[in-house]
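Peer 1: Here's a structure for you.
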Amino acid sequence: MEKLWHRLFLEERPAISLSLFRIVAALTTASVVVPSLVHLEELYFRGSLRELNPGFFPIWFLELVQKSPDGLVVFFAVVFYVSAFTLLIGLFSQMSCILMTMSCYYFYALNAYHVSTLSWDILLVTLVMLCVTGYHGDYFSVDCLLKNDEQPWARRRPFFVQRLLQMQLGFTFFYTALCKTTAQGNWLTDNPLYYVLNYPPPGVTKMFLLRDFIQGRPGLIYWAGVLIVVMEYLIVFLLFWPPTRMSAIYLGIFFQWLLLLTLDVPATFFFLFPAMFLLFINPNDILDWIERRRQYHLAAPRLKLLYDGDCGFCRKCIRALRKMDLFGTLEYVNFHEDIAAGRPLPAGLSKEQVLKRIYLVESGQHAYGGYTVFRRICWQMPMMFPFIPVIFFPGMGIVGPVMYAFVAKNRMCIGGGKGKSCRVPAG
């Protein structure tokens, strides 16, 4: 039993999938909370019409929160915006998650009118589990750039947080099926889907393809409902059994997208649940796939990034780029080593040129320098994908080189170095 417990919860595995899930959790939470904060005065200030949820919070806590002055409401709104953003980018990941979750609970207790749904309760439970550790900041984060770990994507962590998230998803579906078939549930004895499709309250169903065809066939609708219940009962077992796991992941994601296409459901179904299904992919398999990609690029001709190894700021930037270079697509070359060894610089570059800016040399010996380098390598590194719209934003072709030239000229003041190599020659 001890070995089984260790294998299920305490075995160390890479946390890279949990890091991706952190981004999804931050975006999902923001998609729910931000629309209500836009109407902060109408929904949360004193005198606003409020709806409380005593089934979720104790009465004493609700009474305490209702006494909040408007200044405290504004404070928690600022806390939410800042912590949601820092969680998204992975800066102080665990503390950011704790602060964001606290602000979510505060606004939920203050007024449940906008967010009082089962999917929101599920999201809050998910956030609480993410608050337990900072493992989700191991990669795709600012935190990983600030640490000394050279391969943060491969860092192994106890698996218990990801396992609990898996269990949450599986048993959410199982509990949903129980509610549909026991107690007041009528999915086997009646045809609730038929009523929803034919007599829908406003805002329940959408106009989807073949809706008119399906509406007039109660038998087809009934068996579709039975099939949904069976799927919800079985999905937890299919997800945890390795031979059926991938099929169950595809089935679960397809089911969520089907809900989005046919029913008006909360944003949680769009963002969170599909990502939770992907948490069932073994992180070791993901790491093996990454290593295969790295070995492939290591054996093939790679892009060469020439940098000034005597510049402290340059070395810091290269360390960050190495961490972001998940698939090992670049070869990092300290040009001082080439010069010391008597090797000519590639692409006919001179020492004066490479002292002024970094250069990226392609296999055809074509060299790109300065800001253009970032426009080339941003397509190679997943961590730089979010910056692509900024790097290629209209006008950045003019502003970017100017900003780069300023930083390059003053990099001695920023990062320091040894000797005079960090003092870029004028011109």
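The values are calculated or read from the model by the stated rules, or taken from the named source; none is laboratory data. Note that the structure is a prediction, hence the values are computed from the model and not measured. Here the Cβ positions follow ideal geometry from the backbone for every residue, glycine too, while neighbour counts run over all protein chains shown.
Peer 1: Can you tell me how many residues in region 93-123 are assigned to a loop (DSSP other than H, G, I, E, B) and in contact with an Asp or Glu (Cβ under 8 Å, 6 or more places away or on another chain)?
Peer 2: Qualifying residue count for the region: 4.
Peer 1: Which condition number in (1) surrounded by fewer than 15 Cβ atoms within 10 Å (Cβ to Cβ); (2) at pLDDT below 90; (3) not hydrophobic (A, V, I, L, M, F, W, C) is the one that Thr205 fails?
Peer 2: Every listed condition holds for Thr205 apart from (1).
Peer 1: Residues Ala299, Ala341: which one is of a type in the set (A, V, I, L, M) and closer than 23 Å to Ile286 by Cα?
Peer 2: Ala299
Each row is one residue, and each column tells you yes or no for (1) within 28 Å of Asn148 (Cβ to Cβ); (2) modelled with pLDDT of 95 or more; (3) touching an Asp or Glu at 6+ places or on another chain (Cβ under 6 Å).
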| residue | (1), (2), (3) |
| --- | --- |
| Gly312 | yes, no, no |
| Lys316 | yes, no, no |
| Phe335 | yes, no, no |
| Arg343 | no, no, no |
| Arg357 | yes, no, no |
| Ser363 | no, no, no |
| Arg376 | yes, no, no |
| Met381 | yes, no, yes |
| Met384 | yes, no, no |
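The rows are residues; the columns are (1) aliphatic (A, V, I, L, M); (2) outside any helix (DSSP H, G or I); (3) loosely packed, with under 15 Cβ neighbours inside 10 Å.
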{"position": "Phe21", "(1), (2), (3)": "no, no, no"}
{"position": "Ala25", "(1), (2), (3)": "yes, no, no"}
{"position": "Leu37", "(1), (2), (3)": "yes, no, no"}
{"position": "Leu43", "(1), (2), (3)": "yes, no, no"}
{"position": "Leu49", "(1), (2), (3)": "yes, yes, yes"}
{"position": "Asn53", "(1), (2), (3)": "no, yes, no"}
{"position": "Phe61", "(1), (2), (3)": "no, no, yes"}
{"position": "Phe76", "(1), (2), (3)": "no, no, no"}
{"position": "Tyr81", "(1), (2), (3)": "no, no, no"}
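Peer 1: For region 102-140, how many residues meet the condition of being closer than 22 Å to His39 by Cβ and aromatic (Phe, Trp, Tyr)?
Peer 2: Selection size over region 102-140: 6.
Peer 1: Do you know which of the residues in region 300-316 that are touching a residue at least 60 places away in the same chain (Cβ under 8 Å) and out of contact with any strand residue (DSSP E or B) (no Cβ under 6 Å at 6 or more places or on another chain) is nearest to Ile89 (Cα to Cα)?
Peer 2: Lys316
Peer 1: If you don't mind, another one. What are the pairs with Cβ atoms under 7 angstrom where one residue, in region 265-289, is under 17 Å from Gln162 (Cβ atoms) and in contact (Cβ under 8 Å) with a residue 12 or more places away in the chain and the other, located anywhere, is assigned to a helix (DSSP H, G or I) and basic (Lys, Arg)? Sequence gap at least six, or different chains.
Peer 2: Phe280/Arg245
Peer 1: Turning to a different aspect of this structure: Of the residues Leu124, Leu88, Leu110, only one is in the same structural domain as Val38 (by TED's automatic domain parsing), surrounded by 18 or more Cβ atoms within 10 Å (Cβ to Cβ), closer than 30 Å to Lys147 by Cα and among the aliphatic types (A, V, I, L, M); which?
Peer 2: Unique residue meeting the criteria: Leu88.
Peer 1: Do you know which of the residues in region 118-171 that are among the charged types (D, E, K, R) and more than 17 Å from the chain's Cα centre (by Cα) is farthest from Tyr108 (Cα to Cα)?
Peer 2: Ranking the candidates gives Glu150 first.
Peer 1: Between a residue in region 96-115 that is more than 16 Å from Glu63 (Cβ to Cβ) and any residue that is among the basic types (Lys, Arg), which pairs come within a Cβ distance under 9 Å, given they are 6 or more apart or on different chains?
Peer 2: Qualifying pairs under 9 Å: Cys97/Arg22; Tyr113/Arg50.
Peer 1: Looking at region 208-240, which of the residues that are over 35 Å from the mean Cα position of the chain (by Cα) and among the aliphatic types (A, V, I, L, M) is modelled with the lowest pLDDT?
Peer 2: Ile214
Peer 1: Within region 393-408, take every residue that is among the aromatic types (Phe, Trp, Tyr) and either exposed (fewer than 13 other Cβ atoms within 10 Å of the Cβ) or not assigned by TED's automatic domain parsing to the domain that holds Gly369 (or both) and give me the one that is farthest from Ile377 (Cα to Cα).
Peer 2: Looking at residues that are among the aromatic types (Phe, Trp, Tyr) and either exposed (fewer than 13 other Cβ atoms within 10 Å of the Cβ) or not assigned by TED's automatic domain parsing to the domain that holds Gly369 (or both), I get Phe406.
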